[in-house]
Structures are given as C-alpha cells and as structure tokens.
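Just so it is clear, none of the values below were taken in a lab; they were calculated from the coordinates. Here the structure is a predicted model, which is why all the values come from computation and not from measurement. FYI the Cβ positions are ideal-geometry reconstructions off the backbone, even for glycines, and counts take in every protein chain you see.
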Amino acid sequence: MAEVHHESSGSGADFDLSQFYQIFFEEAGENLDLMEQMLLSLNLETADDEELNGIFRCAHSVKGGAATFGFSDVAELTHQMESLLDKLRRHELKPNASMVDVLLESADSSRALLACHQSGQVGQGPATANLVSRIRALVAGEIPPPPAAIKVAELAKPVVDSPASATAPAELAESASGGMRHLEVRFINLDQPAQADAVVELFRDIAGLGEIKPHTSGEVAADSRVFEVETTSSNEDLLDLFAFHVSREHVVIRDMVSPELLGDPQGPAGEQSLPAQDAATASPGFGFFDGAPGAPPAHDQTPESALLATQPMDSGVAKSSPSAAKVPVAGNMQPEAATIRVAISKVDQLINLVGELVITQAMLAQNSRALDPAVYQQLLTGLTDLDRNTRDLQESVMSIRMIPMSIVFSRFPRMLRDLAGKLGKKVDFVTQGEATELDKGLVEKITDPLTHLVRNSCDHGIESPQDRIHAGKPETGTITLSAAHQGGSIVIEVRDDGKGMSRQKILTKARERGLDVSDQMSDAEVWQLIFAPGFSTAEVVTDVSGRGVGMDVVKRNIASLNGTVEIESSEGYGMKVSVRLPLTLAIMDGMSVGVGNEVYILPLSSVVESFQVRSDAVSTVGQGAQLVKVRDEYMPVIELEKVFQVPRYDSDKTSDIMVVIEADGSRVVLLVDELLGQQQVVVKNLESNYRKVPNVSGATILGDGKVALILDTGALVRRSRH
Amino acid sequence: MDKTNEESNAKLCEYLTFRLDREEYGIDILKVQEIRGYEPPTRIANAPPFIKGVVNLRGTIVPIVEMRLKFNCANAQYDDFTVVIILNLHKRIVGIVVDSVSDVMGLVPEQMRAAPEIESIINSDAIIGLGSLSDRMLILLDIEKLMSDADMGLVADV
C-alpha cells in the first residue's frame, strides 16, 4: 500500500502544487483579515501575551504558506513582520502606534502581493522594501525614529497605502529586465546636502542592496549630490529607502547603462518627452520641479530612461492611472468562482438532513412492499425514483466532506525539495496511506500543523549530509508521512531518521525560559515542553523554523480538533510525531454482524475472514479461555454475546459464525450469530453526548434509523491478551 | 397571575411538569429541547440499568435515561403516553423517559417552598424546592445537576 515519492519525481510535483494555491490564498486572506482585526483592537497599554501571540501566529502562518508555495516577496515581508511581533511577544520591545501602523500597512501590501500572485501577475505587486526597512528599524529598537524619517515616512505613506494597482509602470519594465542595474542617482534642491550622504550608510547597512559611490565626473550644484549605484532593487524600492533621509521630490534616478531595457513606451515615458525638452535647457538638478507638480521631469536627452522621481501627493493620481487601467484585464484571469467556502456547520446540517431523508425513504420503501404492484404501479415507480434520488443525493452530500489524505500529502514533496535545497540537506520523502479518507474540515485544519511538523523534521531533525555520514548514517535522510485509521481514530505520523531531540538541551532551554522543570521528568513530559509558546532549541532563527512558534500552533490546532500529539524521540536516531484525531465524521467500510437481536458494526479493514465454526475446532485452555485453530494457527476466541451481555430470548440459537479480525498486529476470532452485510457507515461520536464505552469506538445510524455500535477491534484484541 | 406585577414577573420561572408514577416533577423549561414519543433505544452493554441506551435524534446519538428506574418507581411500562423529554444541558443532549408530560407552569417565588431534609433516592442538592399549587405538589429538579452526577454515568469518570 505504501507508495514512495522521491522528491526528484520532477514536474509532476510542481504541477500538483498549484491546486492548493487557491486554498492558500483563502487561508492567507483570512489570516491577514484576522491579524488586522486583532491589530486594530490591540490596546497598546495593556496588550496581553495572548493577543500578541495571536497576531504573531497569523503572520507566521502566512509566512509559512508563502514560503511553501514559493511566494518569496510575501514570505520576506511577513518574515520581517514576524520578527517585530516576536520581539513584542517576548516583551523586548513595547508596542507603539507606529508599529501598529507599519504592521497594518504590511498586511495591506501582503494582501496586494497575494492578489498579484493569484492573478498570475508576478512581480507587479507593491514595493515592500520601504516597509521592510521600516520594520527593521523598529526591530532594531529605533523608537522613536529620527524626526526627519518620520516626516518622509509619512510622505511616502500614500504610495504604500495605495493598492497594487498603483505600481509604477516603470517598475513593470524593470522587473522584466531584472538583474544588476547601473544607475545614476541625483539628490537635488536639498536644504541640507549632508542628508544625502546618509544614503551611503543605507547601502552599507542593508546587505544585498548594492554598491554606491559618489559620482565623480561633471559638476555638481551646491545643493545637490550625485551618486553611482549598482543594485538589483527597483527604483520604487530605492525611492522608498531613500525616503528615510531625503524626500522623494528631491530624488532623481537615471539608468546609466541600458536605457533600451527600461523603455516603456506607454505611460509617463510618453509624457516625459514634453518637459524633457524644457529640462534639457536647464542644467540638471536645478529646481525645475518647482511649480510643476505632476509634470514628469527628465534629464539630458534620454527621456525614456529617465525615471520620474517626484511623487507629490497630487501627482500620485496621475501616476497610478496608467496601471489602474490594467487591473480590469487582470480581473478577468482570476479564478474566483471555482470554489465557495461554506461553514462546516451548514454542511453538517445538510448531511444530517439527508440522513433523515434516507431513513424516511427506507421507511416508505418498507411500508410500500405490501402494496399490490398492479394497483399502485405509479406510486411504486415514484418510490423507486425517490430511492435512487435520495441515494445519489446522499452520496453527493457525503462527498462534500470526504477527501483523501493525498490532497494534503502532495503538498509536501515540493516544499521539502525547496527546503532541503535551501538548507543543503538531502531528504527523501515517503508517504503511506494516502488513500485514507479524512473529513474535509479535518484536512483543512490538519494541513498547517502537518506543514510545521514536516518543516521541523527537515530543519531540525535531518542532519547535514556530512554530519549524517559522520554518524554512520546514509547521506540522504528520510522523512515519512503516514496516515491510517487506528482504533477509532486517524493517526497521522511524521517520522524522520534525523538526530532526534536532546533531552538535556530542552531542559536547559526550559530553565532559561523560567519553566518549572526537574531532571526527574519522564521523557514524554520533557518532549511535551516543546509545545510551550515561544519554545525553541534551535540556535539560529531561520525563516524556516526556530522561533518556537510551530509546535505551539501545532498543539493548539490539534487540540481544537479534540486530537492529541505524541512524540517519540531517540537522540541520534530520529523522532516520530503522531497526531491522533478522532473520527468525527469519517466514513468507514463496515461489516454488520448480528448477535442475538442486536447489530454491531466491525470495521471492514480489520476483518480478515469469516467462516462457519466446526464444533471440534474450539478448544479450551486453563480457566476456560477458548482457542480455535485456523489453518495451523491458534487464535483466542471472543464471544461478543458475553462481552456485550447480549440478552438471549431464543435459547436454541447460538453464535456459530467466526470472524477473524486483525488489529495491533495480532488476530482474534469473534463469535457472532450471523453476518448481515457490508456497508459504508458514518462514524458518529458516542462521547459527545454520552461517554466512552469499553470496546466500542463509536456509533452509526443504520438504514432503519436505529443506532448500531461500532466495535473497537484494537480494544478487543488487547482484551484477549489480558 | 392577576396580582403579579412587573417585579415578580421578572422572577417568574417556567417549569415543564411531568409525572413519574404518582409523583409530579418540574424542570426548567429552558433546558428542554423537545418532547418525543418513546422508541426502543439501542442497548449499551455494561451501562447502569436506568440508561436504556442510545437513540438517533436526527443524526445525533443521544443517550436515554429511564427516570422511573432511576427514581425506583414500582412499574415502568411503555405505552402511548410514555414520552422522552430531550434536554439540552451544557451542550450535551440527553433524553429522559417519563410517564407523561402534564403542562408548562409559571411559578412565582411565593409559590415555592424550600424542600425539607428528607431521605430520598434523589440527591438533595438536585432538588431546588417544592412548588405548591393548591392541592398539588411539584418537585422542582435541578436537572442539570442531577444529570451531571457521577452516579448517572453519563459523563466519563476521570
């Protein structure tokens, strides 16, 4: 049954991923909305940990998803947000209004970026460099930011606030060209030219931004500065960055090398040609912007490549209009109507109603059997149609909720591939039991926790190839994801053969964090510590994991499904995380058996065979324990009649049918009166209104509306051992 | 009810009254979800005798408690008047079997008496008081407390 996926399986995996984009976009949208709500309701003075943790988790979930799907711009922005929130959460910084502002703006930008990805317009989202640097400044503890920075940040805000449609058209061209760009940057009309010198520091402080050096050739006016810049960032990003020191009106960026790459015949470039002629007469950098707001200026004789840098408030309108015109085109491509999201409770209600309908229909069918077909032919035909229609309806309604685990599992090969590549590790990904059907609601909720677990396994569990060889293990690590129905639950396991967890490290870290621990704690208790919020033993915080948010979320999400998480770990040999979920609405193939007048359901998956018992086949041992010999194997016999104290009204009848069941690796024989048939049953929880019943994993409703109990084969097998 | 002014109207409690053998009981109407005829439930092995089993209530599995067995009534017969009161308690749904449902009654505080200390099968905590209605006596039950008692076996003992 086990199906092996090697992540090198090629384009198939890449293609599969796209089917989850929609889910991700929906989830991310919800998370961003939630974050916005929480941010808005956040009381800065009395912000409690729970609220901050909640906001942090939203950002973390969006980041995790974005990284999984390779939306690096979103992931980068949310990573920065997360860093800031993490500091707040740990009380290293105190929340203030400017943080909330920047976080809200970041959420808007993330949403806009996601919208671009959703409509397939990669690289056309709003620039985020400004936000990123502002967040970095806040994270670095620059509170309050220097007054100049505040001023320009506010000036720059309208640009950031404007939705994705406000993207500078020139930037579209840039993203097409990509790569290293060679620019001339002029700061003109400066009151204090020294301000511009601070820009040089920006390039020093922000890694990967590029190189800057003062422009040497040509004369420079007293109130101007000219620099040569080599960078991969877009002009918009640069302007946002420079806005810390010099407001946008005073910056002019010009491409020095490849004007033809940037040439965007439409938009401002067209308008530029007019003022450019005037500008050509004026010496560069001498206040020709004054009194001409919105008139795009240009330098020299290369208007196409000259980028207008002015962005006074009113020109923003003119600037956004050309790209705004593009949005309707993009709108046509959005696959919005493909799915609708409906509250699970509505589906549940539908399922219950259909269940009732089926029962009513069965009753009608039974009552109509006595009618004379010759007289009531029309009625009977109608009832037959009703029968078929209700069955079809029931099937369709049921299928709304049930989806195979493969939907979740197939998310991971690509993610692991990228992740392993990033971390320089070699990982094989193996999945088992993908056909296990799981309730849609569960699948949606289990995906995030599973993503965290798999990422954790890859990041923390699997060692680097050198370390693995050193430890005498194969160079390539293996992460196994398996799903199975077990004892009335669904068990999903994430296993890796990595380095496992270090008990000592966790205890040390727990003490650092002031948790109450002792050396006498059992392993299981120690492993539970990693579920505490903010707990992480990773030395380095990467964008993959290590902030300690993962396990906290995992535990919380799974607990909300009434599930449990168990960890087994052995240092040096790997670890296993088992997520056990109750079968709230799993459909199961069942075999109904009769004992006395009662009906019980056996999970078909655990039924091996059944046969008529021969009187000489059963032998007893010691205190009456019964054994039966089935093909040279002696198996314990369990009489369901005795286990469930079934009353016997007809003393002549005895249980003479044997059903061999297998669970937990061993087999027992159940004695029943008769085999009634096989059917799909909807597993209902007995515990929601009653309590756990020994040897019973749940209940179901039969065709006649009666309740039948589903046997817990695992418990029955264990019972035979004692 | 004529003399009830607005003040006592606020304190008016409505009770659903039902009969068990010759005794009359009242429970808070707000805890009652619906009233149904009796249908044989599915027996649950190893449960106390007063738990008749579970029934299907429009897709929900609901345990059925036989109040007449719980309160040691002499005879518990199932006829056309036997009804099941479906209670909604703390998000749990439980059905109780009673002889018959009488009516819904509003009681003002003046009509309520404290229950004297008496020896009874019913845990005295679960009796709110006695309702005095001319010649009838209503035993007012805190049905929520009664059903969550450990010896009811409805909730798994941890």
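Partner shielding of A:681-693 amounts to 5, given as the average count of beta-carbon atoms from other chains within 10 Å of each residue beta-carbon. Note on region B:1-137: lysine pairs with Cα distance below 29 Å, sequence gap of 8 or more or different chains, count 10.
Distance between the 7 Å Cα→Cβ label points at B:ARG36 and B:ASN72: 3.1 nm. Note on A:ALA374 and B:ARG113: their simple-model spin labels are 7.2 nm apart, each label 7 Å out from Cα toward Cβ.
If a/c stays under 1.5 just call it rounded; otherwise compare a/b with b/c (prolate if a/b is bigger, oblate if not). Do that for region A:342-404, with a ≥ b ≥ c from the square roots of the Cα gyration tensor eigenvalues. It comes out prolate by the Cα gyration axes. Pull out a ≥ b ≥ c, the square roots of the eigenvalues of the alpha-carbon gyration tensor of region A:587-721, then state rounded if a/c is under 1.5, prolate if not and a/b is larger than b/c, and oblate in the remaining case. Prolate. Neighbour counts of other Cβ atoms within 10 Å put A:THR451, B:THR82, A:THR46 in the fewest-to-most order A:THR46, B:THR82, A:THR451. If R0 is taken as 45 Å, the Cβ-Cβ distance between B:ASP135 and A:ALA343 corresponds to a FRET efficiency of 0.30. Here each label is just a point 7 Å from Cα along the line to Cβ, and for A:HIS91 and A:ALA617 those points are 6.9 nm apart. For a Förster distance of 35 Å, can you work out the FRET efficiency between the beta-carbons of A:GLU674 and B:LYS145, rounded to the nearest 0.05? With R0 = 35 Å, the Cβ-Cβ based efficiency is 0.20.
At 37 °C and 0.692 mPa s, grab the translational diffusion coefficient of region A:406-582 from Stokes-Einstein with a Kirkwood Rh over Cα pairs, rounded to a whole number in µm² per second.
198
Among A:SER489, A:SER406, which comes first, second and so on when ranked by fewest other beta-carbon atoms within 10 Å?
Final ranking by Cβ density, sparse to dense: A:SER406, A:SER489.
With all pairs of separate Cα atoms included, region B:13-145 yields a Kirkwood hydrodynamic radius of 15.4 Å.
Annotation: extensible slack from A:LEU353 through A:SER98 equals 86.6 nm (criterion: 0.36 nm per residue apart, minus Cα-Cα distance). Mean projection of the Cα convex hull over all viewing directions, computed for region B:70-126: 6.0 nm². Only Lys, Arg, Asp and Glu carry charge here, each on its Cβ (+1 for the first two, -1 for the last two); on that basis region A:342-404 has a dipole of about 120 debye about its Cα centre.
Among A:HIS470, A:HIS485, what is the fewest-to-most ranking by other Cβ atoms within 10 Å?
Values: A:HIS470 10, A:HIS485 21.
If I rank by nearby Cβ atoms, fewest first, I get A:HIS470, A:HIS485.
If you take the alpha carbon atoms of region A:383-462 and fit the smallest convex hull around them, that volume is 82 Å³ per residue.
Looking at region B:83-158, the GluC sites (Glu not before Pro) that sit in a DSSP loop and have at most 10 other Cβ atoms within 10 Å of their own Cβ are B:GLU117, B:GLU119. In this structure, the residue pairs whose Cα-Cα separation is over 31 Å, taken from A:LYS94/A:LYS426; A:LYS555/A:LYS642; A:LYS445/A:LYS684; A:LYS576/A:LYS692, are A:LYS94/A:LYS426; A:LYS555/A:LYS642.
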